[in-house]
Amino acid sequence: MFTFVVHIHMSLPMSFIETIKRPILAEMQMFEKIFAESLNTDNPLLLSVNDYVLQKSGKQLRPMLVLLTAKMCGAVNQSTITGALSLELLHTASLIHDDVVDDTLERRGKPSVNARWTNKIAVLSGDYILSKSLACATQTDNLAILKSIANIGMHLSDGELLQLVNSRFSETAEENYFTIIRKKTALLFSTCAEVGGLSVNADEDSLNRLRKFGEYLGLCFQIKDDIFDYSENIQIGKPTGNDIRDGKVTLPLIYALQNAAQAEREKVLSIIDNKQFTSGNIQYITRFTYENGGLDYAQARMESFKNQAIQELNSFADSEVKESLIKCAEYTASRKL
């Protein structure tokens with residue numbers, strides 16, 4: 001029997017992240033301290049959920065982005081740190097809610113909050129963290145930052161709902177895909193970059209470039225995540241084929257469906273429409289996507305967005321901080337988990 005697997009090599013050394021962090025080490029330490037403090041509560045159940053969430057916090061790329069963009073345009077201040085905290089809390093809440101919506105039982109190799117407790121506890125804990133995020137945004141005493149963060153909260157939900165109603169393949173599937181990932185992922189990265197600039201009163205031209213840098217970085221990040229779904233790697237925090245099982249038709253599969261022979265396309269769509277997600281069918285769709293150029297196409301689009309992100313930094317003066325932002329883009333495209 002033919003089996004097909006895309007193998008991913010060992011993950012990038014953690015030193016890559018450490019290199020990105022180097023110009024903002026002191027600021028990241030301040031951020032981590034107030035991040036831990038922000039989730040303190042006298043509610044024992046909520047405290048145990050929050051402690052669990054803290055243990056599972058990832059690489060913190062988004063607060064790094066806030067601090068780096070601020071430092072490239074000025075001097076990091078209390079508004080920068082508080083803005084970074086607000087955005088990381090909002091991101092954390094959205095992940096908890098996403099896992100409930102998607103019935104995901106695992107996050108970063110450990111049980112998700114809804115799997116460890118219940119959906120009800122996960123939703124309410126996510127609501128608490130989201131409210132905390134908005135409270136932090138008001139503490140920046142910067143109306144532009146508050147507006148920017150409030151705006152992203154709406155778009156995250158909008159993107160999730162769009163994904164639910166656009167799960168079927170159609171002629172506009174690729175256009176719909178990019179609309180969804182702009183709202184679900186890219187806008188959060190864009191807002192992080194913008195908030196960094198806003199916190200140090202960057203000029204409008206710089207803010208526009210930072211927004212675009214963040215957007216291209218976010219598009220690159222999401223496409224990389226979607227490529228992972230067609231790859232075998234136990235280090236990734238979700239099982240291979242997860243998106244397919246959820247009926248999510250992402251960029252690699254969209255391209256393959258657009259370019260495949262009709263009979264093959266109809267067979268794949270029948271599997272998805274009828275939710276026949278056996279391991280054999282998942283394997284078949286993975287092979288179909290690879291053989292019809294889906295992964296190569298997604299990889300090329302991702303590289304293009306990475307390069308566009310880096311180009312947006314051209315007008316900023318060369319510095320160690322700018323170099324870290326360039327490395328952020330390179331890391332996003334080449335990460336292995």
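The values are calculated or read from the model by the stated rules, or taken from the named source; none is laboratory data. Predicted model, so just to flag it, every value in this text is computed and none were measured. Because the Cβ atoms are built from the backbone with ideal geometry, glycine has one as well, and the counts that use them run over all protein chains shown.
Only residues that are crowded, with 24+ Cβ neighbours inside 10 Å, of a type in the set (S, T, N, Q) and within 15 Å of Ala329 (Cα to Cα): list them for the stretch 59-94, please.
The answer is Thr69, and nothing else.
Out of Ala144, Ala150, Ala193, which single residue is within 17 Å of Ile81 (Cβ to Cβ) and either outside any helix (DSSP H, G or I) or over 15 Å from the mean Cα position of the chain (by Cα) (or both)? Show your work before the answer.
Working: Ala150 fails: within 17 Å of Ile81 (Cβ to Cβ); Ala193 fails: either outside any helix (DSSP H, G or I) or over 15 Å from the mean Cα position of the chain (by Cα) (or both).
Of the residues listed, the single one that is within 17 Å of Ile81 (Cβ to Cβ) and either outside any helix (DSSP H, G or I) or over 15 Å from the mean Cα position of the chain (by Cα) (or both) is Ala144.
Is there a residue in the stretch 265-272 that is among the hydrophobic types (A, V, I, L, M, F, W, C) and at pLDDT 95 or above? Before you say what the answer is, go through the steps one by one.
So the first thing to find is which residues in the stretch 265-272 are among the hydrophobic types (A, V, I, L, M, F, W, C), and the list is 268-269, 271-272.
Next cut, at pLDDT 95 or above only: none.
Within the stretch 265-272, not a single residue is among the hydrophobic types (A, V, I, L, M, F, W, C) and at pLDDT 95 or above.
Which members of the stretch 260-295 meet the condition of being more than 23 Å from Gln163 (Cβ to Cβ), part of a helix (DSSP H, G or I) and of a type in the set (S, T, N, Q)?
Within the stretch 260-295, Gln262, Ser279, Gln283 qualify.
Could you check how many residues of the stretch 299-330 are among the hydroxyl-bearing types (Ser, Thr, Tyr), within 17 Å of Leu68 (Cα to Cα) and surrounded by fewer than 20 Cβ atoms within 10 Å (Cβ to Cβ)?
So the count comes out to 2.
Testing Ile17 on (1) touching a Ser or Thr at 6+ places or on another chain (Cβ under 9 Å); (2) at pLDDT below 85, one condition comes back false. Which one is that?
(1)
Filter the stretch 95-114 down to the residues that are assigned to a strand (DSSP E or B) and crowded, with 18+ Cβ neighbours inside 10 Å and list them by number. Spell out how you get there, then give the answer.
Step one: of the stretch 95-114, the residues assigned to a strand (DSSP E or B) are 106-107, 110-111.
Listed by number, the list holds a single entry, Arg107.
Name the residues in the stretch 40-78 that are more than 19 Å from Val321 (Cα to Cα) and in a helix (DSSP H, G or I), would you?
Pro44, Leu45, Leu46, Leu47, Ser48, Val49, Asn50, Asp51, Tyr52, Val53, Leu54, Gln55
Restricting attention to the stretch 170-177, does a residue exist that is acidic (Asp, Glu), within 21 Å of the chain's Cα centre (by Cα) and assigned to a helix (DSSP H, G or I)?
Within the stretch 170-177, the first condition is being acidic (Asp, Glu), and the residues that meet it are 171, 174-175.
Filter once more, keeping what is within 21 Å of the chain's Cα centre (by Cα): 174-175.
Next cut, assigned to a helix (DSSP H, G or I) only: 174-175.
Yes, because at least one residue in the stretch 170-177 is acidic (Asp, Glu), within 21 Å of the chain's Cα centre (by Cα) and assigned to a helix (DSSP H, G or I).
Tell me yes or no: at least one residue of the stretch 160-170 is farther than 22 Å from Asp98 by Cα, without any contact (Cβ under 8 Å) to a residue 12 or more places away in the chain and surrounded by fewer than 20 Cβ atoms within 10 Å (Cβ to Cβ).
Yes, the conditions are met somewhere in the stretch 160-170.
Among Asn259, Asn242, which is at pLDDT 90 or above, over 30 Å from Val76 (Cα atoms) and polar (S, T, N, Q)?
Unique residue meeting the criteria: Asn259.
Filter the stretch 115-134 down to residues that are more than 13 Å from Ala93 (Cα to Cα) and touching a residue at least 40 places away in the same chain (Cβ under 8 Å) and give me whichever is surrounded by the fewest Cβ atoms within 10 Å (Cβ to Cβ).
Arg116
Ser315 is checked against (1) assigned to a loop (DSSP other than H, G, I, E, B); (2) touching a helix residue (DSSP H, G or I) at 6+ places or on another chain (Cβ under 6 Å) and fails just one. What number does that condition carry?
(2)
Only one of (1) touching a Phe, Trp or Tyr at 6+ places or on another chain (Cβ under 9 Å); (2) in contact (Cβ under 8 Å) with a residue 40 or more places away in the chain fails for Glu320. Which number is that?
Going through (1) touching a Phe, Trp or Tyr at 6+ places or on another chain (Cβ under 9 Å); (2) in contact (Cβ under 8 Å) with a residue 40 or more places away in the chain one by one, Glu320 breaks only (1).
If I ask for residues that are touching a residue at least 24 places away in the same chain (Cβ under 8 Å) and of a type outside the set (A, V, I, L, M), which ones from the stretch 79-102 would you list?
Hits for the stretch 79-102 are Ser79, Thr80, Thr82, Gly83, Ser86, Glu88, His91, Thr92, Ser94, His97, Asp98, Asp102.
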